[in-house]
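Below is one structure, written out as structure tokens; comments come after it.
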Amino acid sequence: MKSITTRHLTPNSGGIAAAANILSAGGLVAFATETVYGLGADARNDRAVAAIFAAKSRPSFNPLIVHVADVKTARIYVQWCDIAARLADAFWPGPLTLVLPIAADCGLSPLVTAQLPSLAIRIPARPSARKLLAQFGGPVAAPSANPSGKISPTTAAHVAAGLSGRIDAILDDGACDVGVESTILDLTGVDGNGLGKTGRGKTDAPVLLRPGGLPQETIEACLGMAITVHTPDTENGAAHITAPGQLASHYAPNAPVRLNAAEKRPGEMLLGFGETLDADLNLSPSGDLIEAAANLFRYLHDIDTSTAPIAISPIPNTGLGRAINDRLKRAAAPRPT
Ligand code: TXA
Ligand code: MG
């Protein structure tokens, strides 16, 4: 791939306008959301969307999330339903992605959905992202702004380290506050929805495809019902992968990772949680899961500087702990050869 100059933009009015112009011209802009940095392109432009896959070296079977400024715009691209409306009211803008039947002839590049009959869509909360989306005025396809399979970026420096020379610009808005990706909820099987029960799990309930920045418990409390947790269909392998987060090895540091480490072994770097003796870095010395999620990817980047194996303290599996443990499990999984 030919190297290009990556511009560093500040999210003032000039920088946002420049970033919106790059998107309009079919370019790639990395921008901060409340979860992680996204690598954005005009979701209606085939060449621009293809350039995302090329810049990330991303397997093309992985569909992308479309980011929009408001619910009115979202409804151009998906078939809306009551549950979507309730969730959008409660949690948008915010770290929740809804998977809904795609609207017919809505003008999105087929590359965005990898030709699935559904579309993943969200309204990010970060003010600079919302300004960019409003100014651009269209749908922005944006996966996390990291080379495929690597740790998601939560600062502009992470983005530059992975993608500099491969993308047009980085809109630098500091560190992301949530720090793990959005929760992905599949509504294609819920009642009154276009895809009926042909959706995943053949259930009427919403299906959690990826735990993320919005805890499962919070969604269940809002809906007053339990949601089904998707378990990847290993028999069918890659053909059925609907989220790269479902690939066994993902978010991988370079060094090997050991989970639920009760202690630090000789030669290891220890990433602690709560009161941890000998931690080289601690996700949250006070044991706060929100703080730990916000620090997770930055600390994984920081601790992954040598070949020293990384040990990680146990993290409670509740609230944001589910998303943290999900990412850590994949970081520790055997790597594809
Ligand atoms: O927080 C986030 O969600 C970040 C920021 C940038 O918004 N984005 C992000 O994108 O994490 P990405 O591409 O790294 O992960 C998107 C996930 C993928 O796992 C993809 O397979 C899944 O969404 N996805 C996209 N479209 C889908 C669909 N129609 N059905 C099921 N899963 C879908
Ligand atoms: Mg990603």
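The values are calculated or read from the model by the stated rules, or taken from the named source; none is laboratory data. For clarity, every value in this text was computed on a predicted model and none was experimentally measured. Because the Cβ atoms are built from the backbone with ideal geometry, glycine has one as well, and the counts that use them run over all protein chains shown.
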### Message
Going residue by residue through region 67-86, is there one that turns out to be within 16 Å of ligand 2 (Cβ to nearest atom) and either more than 16 Å from ASP42 (Cα to Cα) or within 20 Å of the chain's Cα centre (by Cα) (or both)?
### Response
yes
### Task
Working carefully through the options LEU296, LEU277, LEU271, find the one that is in contact (Cβ under 8 Å) with a residue 60 or more places away in the chain and aliphatic (A, V, I, L, M).
LEU296
### Query
Which one of PRO285, PRO244, PRO253, PRO336 is within 16 Å of ligand 2 (Cβ to nearest atom), at pLDDT 85 or above and either closer than 23 Å to PRO153 by Cβ or in contact with a Phe, Trp or Tyr (Cβ under 9 Å, 6 or more places away or on another chain) (or both)?
PRO253
### Query
Filtering region 84-108 down to residues that are of a type in the set (A, V, I, L, M), touching a residue at least 40 places away in the same chain (Cβ under 8 Å) and more than 13 Å from ligand 1 (Cβ to nearest atom), which residue is surrounded by the most Cβ atoms within 10 Å (Cβ to Cβ)?
ALA84
### Message
Among the residues that make up region 16-27, is at least one of them in contact (Cβ under 8 Å) with a residue 40 or more places away in the chain, in contact with a strand residue (DSSP E or B) (Cβ under 9 Å, 6 or more places away or on another chain) and part of a strand (DSSP E or B)?
### Response
no
### Query
Quick one: would you say LYS131 is more than 15 Å from ligand 2 (Cβ to nearest atom), over 23 Å from VAL99 (Cα atoms) and in contact (Cβ under 8 Å) with a residue 60 or more places away in the chain?
yes
### Message
I'd like to know if region 36-50 contains one or more residues that are aliphatic (A, V, I, L, M), modelled with pLDDT under 95, surrounded by fewer than 21 Cβ atoms within 10 Å (Cβ to Cβ) and part of a loop (DSSP other than H, G, I, E, B).
### Response
no
### Task
Could you look through region 109-129, keep only residues that are surrounded by fewer than 24 Cβ atoms within 10 Å (Cβ to Cβ) and aliphatic (A, V, I, L, M), and pick out the one that is nearest to ligand 1 (Cβ to nearest atom)?
LEU116
